[in-house]
Structure formats: structure tokens, C-alpha cells
Amino acid sequence: MKNGSAILKTFFALLAISKVCYATNNEPTSNVFIQDKKNNNYIANPEIRTVLLYPKGWPQADAVFELGGANPLLFSFDELSGTPDYYTYSVVHCDANWNESGLYYADYMDGFQQNPLNNYRFSFNTKESYAHFELELPNEQVSLRISGNYLIRVYGSASSTEAILQWQFRVVEQLVGINLRARPAPDPAIIRTHQQLDCEIFYKNLPVTDPFSDLKLVVEQNTIPNDLNPLPQFSRASSADYSGIDKLVFKGLNEWRTFDTRSLMYNSINIERITLTANHYHVLLKPDESRAKVQYVSQPDFNGRVAIQGERNYDAGIELEYPIVYFTLNTEERPDQDVYLVGNFTGFAYTDNFKMVYNYERKAYELAIPLKQGFYNYMYAVKTPQSTTADLSALEGSHSETENSYSVYVYYRQPGSRYDRLVGYARIN
């Protein structure tokens with residue numbers, strides 16, 4: 001990647017046309033880690049971009065592999081430099097809360113504890129040079145033996161102990177049945193802004209003695225992590241009912257904002273201007289406004305996900321450009337809060353890479369970052385520096401009519417067992 005001064009010169013050349021000034025988060029920062037690396041996705045190397053992890057052939061699906069299944073997960077990322085580093089990777093088993101389970105690696109996998117990640121290709125005919133890395137999981141070097149939560153950790157040549165990249169995935173053994181229903185929240189005070197998820201778990205194939213302690217239910221709205229830890233409302237002989245409980249009431253939020261850079265030859269969805277310089281394409285998005293008090297409008301989206309692709313039949317791994325995308329959010333400053341760009345492409349990590357900077361002259365939050373060509377969903381979140389959680393509704397609003405996806409994971413730990421098994425997974429829109 002080009003150095004910071006060269007990029008800033010390019011920014012100002014472009015922005016002299018539009019008479020705006022953007023903050024750039026394309027340089028290494030003193031804090032590129034999220035608050036708790038054990039519980040989240042994170043990228044420690046600012047040269048690493050476009051981290052994706054999904055079932056092969058299903059890029060919009062959750063990162064879930066069925067134990068013993070034939071279809072692997074596909075893990076990929078790009079390194080924006082002319083000389084890619086030598087990388088190795090390891091796979092770590094975690095409990096239901098994403099803490100390391102403490103199992104010896106031979107207990108949960110067959111193969112070596114650390115393996116080379118040497119399947120990469122160089123970009124072809126692009127303004128920005130990069131290397132595209134890919135890895136299937138499981139593979140010939142790594143075979144997973146048990147279900148549960150997993151982390152893939154990538155290490156650079158400079159250190160074999162501190163990962164430069166970490167991403168979450170899950171391995172499931174489908175042993176329980178799951179019934180799901182999403183509806184407007186029944187409380188009249190929040191019926192227009194919130195959604196209720198009803199869930200019932202059927203576990204006749206498991207020796208569950210106490211569903212309140214043996215089972216753990218995790219529900220994610222649009223893949224956004226949380227720590228709700230709901231308990232059943234009641235249980236029967238072979239089922240646990242989570243219907244109507246407060247911890248499964250979610251803000252409906254809003255449909256996701258979108259922009260489309262699959263083509264850089266014309267202005268597509270939400271794009272105001274595209275400019276080409278010697279080293280980069282520059283994409284200036286139309287200015288955004290707060291939607292906190294705006295009436296709900298239905299529009300199609302990917303529920304926060306991204307589709308990395310070009311307009312034509314390009315190889316998405318190596319033939320797509322990395323335009324610098326300029327975001328503007330017109331709103332008053334929030335002195336005690338930070339504003340972040342969020343979406344599946346950020347890993348929902350509240351890092352300096354995706355932190356907006358306030359422009360007092362324009363009265364707007366701004367950010368400029370390189371993003372690989374594709375169709376993107378995004379929102380703006382606010383967070384206090386001390387908090388580990390963020391609020392999307394403050395700038396996006398919340399409506400019970402919003403179409404959301406809910407992913408449900410059921411974990412089981414038999415008394416005396418040393419780890420949490422993932423015994424059920426389901427997803428609804």
C-alpha cells in the first residue's frame with residue numbers, strides 16, 4: 001500500500017473538486033485492536049483487508065461448518081502490499097462465550113497445531129497491488145473432531161505468538177430441533193420499534209438433565225455479537241421454551257444503507273462521484289443523514305453483509321480494484337461518544353480503522369478507507385470510549401417492520417464435560 005503522505009496528497013487533489021476534507025484511517029494506528037480480542041474478530045495489521053469466512057459457494061451464509069460434512073468453509077483475505085508476508089495459521093477451540101476452552105489441540109483436531117498459509121495469488125491488472133490469500137477449513141492439514149466455537153488465528157513472520165488476524169467460526173452437530181418465530185414486540189410501549197423472537201428447542205436425542213444449566217442459547221441479529229444469555233421461560237420433558245422472554249426482544253433497527261462499486265465506470269447506488277488518479281479510484285458517496293426520526297422505508301438489503309464482485313465476470317479474488325471510498329454523515333457532533341462505520345465487512349469491530357472523525361467546518365463525520373469492489377451494506381453506530389457495546393439505533397432509528405435475520409445457536413455441556421458442544425443451528429429472516 002502507498003504511504004500515508006502519498007495518499008493524503010491524492011485525497012486533497014480529489015477533494016479540491018468537492019471542497020470537503022476527510023479523515024483517513026488507512027495508516028497504522030496505536031490502537032487497531034478491539035476491546036477484548038478473545039471474544040471478537042480483529043485485524044492487527046492495517047495492510048489486511050476484506051476478510052471473509054463462509055461456507056464455500058454460499059458467501060451470504062453464516063460461518064458454520066457441519067461436523068463431518070462435505071462442504072468446507074472458505075477463509076480469505078487480501079494483503080495490500082507488493083511483497084506478501086509469510087503467514088502461518090492455527091485453529092483454537094473455544095467455549096460458548098468465545099473463551100479458549102483449554103483443550104489440548106489433539107483433543108479437537110487432527111493435524112499440526114500450526115500450519116503454513118501459502119495459497120495466495122497476486123492481483124492482476126489493478127491500480128492497487130495486493131495478494132489474495134485463501135484457505136479451506138477443514139483441509140488436508142486440519143481435520144476438526146468436535147463441535148463448538150473456533151477461532152482461526154493468522155501469524156506473520158515477525159511473531160509466532162501474537163496473531164495479526166483472528167476470525168470466528170462454528171462447527172455444529174445437528175442434534176436438536178429448533179422452532180423460530182419473529183414478530184413485533186407485544187409490549188405496547190415498544191411495539192413500533194422492537195421485535196420479539198420466540199424460540200423452542202427440542203432435545204429428545206440428548207441426555208439433558210437440566211436445560212437451565214446444560215443448555216446455552218445464543219441469538220445474533222444480523223450476525224451482530226451480544227451477551228444476552230437468555231434462559232428458558234419453562235421446560236417440558238424434552239424441550240425448552242424461550243418464547244416471550246425479555247432477553248429475546250430486539251430493536252428492529254432499520255434497513256441497511258447500501259452502496260454499489262461493482263462498476264467504477266458510472267455512478268451506481270448511493271454514489272455521487274467517481275474519480276480516477278494515477279494510483280487509485282476514488283468513490284465519493286452521497287452524504288448520509290441521521291435516520292433516528294425518519295419514517296420507516298422498506299428497501300432490499302443483505303442484512304449487513306457484503307457481496308465482493310465486479311460488474312462483469314471478473315475473478316473476485318485478484319481482478320477487482322480497491323477504490324478509496326469516502327463516507328459523510330451530516331449530523332451534530334456527539335462530544336462524549338465515538339461514531340463508527342459498521343457492517344459485516346468490518347467484523348463489527350469498533351477499531352480506529354472504522355472510526356469516523358468530525359469535521360467542524362462541514363458539521364459532519366467523515367471517513368475514507370479502501371474497500372474492494374462490491375455491493376456493501378453499512379450503518380453508523382455510536383459508542384462511548386469506556387463501553388464495549390455500541391448503539392445503532394441512535395443514528396439509524398428502530399422500526400418493528402424492518403426485515404432482519406436471526407441466527408440461533410444451541411450449546412450443550414453435559415455435566416462433567418470439558419467443553420461446550422454446538423448441537424443446533426438455525427437462521428430465519
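Extent of the range 31-172 along its three principal axes (Cα atoms, max minus min coordinate, largest first): 43, 34, 27 Å. What dipole magnitude, in Debye to the nearest 20, does the range 31-172 give about its Cα centre under +1 on Lys/Arg Cβ and -1 on Asp/Glu Cβ? Its charge dipole is roughly 160 debye. Look at the dipole of the chain built from charges on Cβ: of P207, V408, S235, the Cα furthest out on the positive end belongs to V408.
Distance from the C-alpha centroid of the range 309-366 to that of the range 382-413: 19 Å, rounded to the whole angstrom. Comparing W256, G317, S417 along the charge dipole axis of the chain, the residue lying farthest to the positive side is W256, per the Cβ-charge model. For the range 31-172, averaging the sequence separation of C-alpha pairs within contact (under 8 Å, six or more residues apart) and dividing by the residue count gives a relative contact order of 30 percent.
Among 267-278, 149-160, 369-380, sorting by the average number of other beta carbon atoms lying within 10 angstrom of each residue, highest first, gives 369-380, 149-160, 267-278.
Couplings 3J(HN,Hα) of the range 208-223, computed from phi: 6, 9, 9, x, 5, 10, 7, 10, 9, 9, 10, 10, 10, 8, 6, 6 Hz, in residue order, whole Hz [Karplus 6.51 cos²θ - 1.76 cosθ + 1.60, θ = phi - 60°; x for Gly and Pro]. In a fully extended conformation the segment linking N226 and A61 would gain 57.5 nm over its present Cα-Cα distance, using 0.36 nm per residue. The mean sequence separation of alpha-carbon pairs under 8 Å and at least six residues apart, normalised by the residue count of the range 230-382, gives a relative contact order of 26 percent. Rounded to the nearest Hz, the phi-derived 3J(HN,Hα) couplings of the range 85-95 under the Karplus curve 6.51 cos²θ - 1.76 cosθ + 1.60 (θ = phi - 60°) are 6, 8, 10, 10, 9, 9, 10, 10, 7, 10, 7, where x marks glycine and proline. Contact order for the range 331-409, expressed relative to its length and based on alpha carbon pairs under 8 Å spaced 6+ residues apart, stands at 29 percent.
Note on K293 and S387: with the Förster distance fixed at 22 Å, the Cβ-Cβ geometry gives a FRET efficiency of about 0.40. For the chain, take the longest principal axis of its alpha carbons; what is the angle in degrees between that and the long axis of helix 4-18, to the nearest 10 within 0 to 90? For helix 4-18, the angle is close to 70 degrees.
A viscosity of 0.692 mPa s and a temperature of 37 °C, combined with the Kirkwood radius over C-alpha pairs in the Stokes-Einstein formula, give the chain a diffusion coefficient of 144 µm²/s. Put a dot 7 Å past the Cα of Q414, heading toward its Cβ, do the same for E140, and the two dots end up 3.5 nm apart.
Taking 45 Å as R0, compute the FRET efficiency from the Cβ-Cβ separation of I269 and T161 and round it to 0.05. Efficiency, rounded to the nearest 0.05: 0.55.
Extent along the principal axes, Cα only, for the range 257-396: 44, 32, 29 Å, with the longest axis given first.
Pairs K204/K247; K56/K204; K286/K372; K56/K372: which are spaced more than 27 Å apart, C-alpha to C-alpha? Those over the limit are K56/K204. Among residues other than K372 with Cβ under 10 Å from its Cβ, the summed charge is -2 (Lys and Arg +1, Asp and Glu -1).
Read-outs: derived from the displayed coordinates by stated rules, not from any lab. Here the structure is a predicted model, which means the values were calculated and not measured. In this analysis, Cβ positions are derived from the backbone assuming ideal geometry, glycine residues included, and neighbour counts consider all displayed protein chains.
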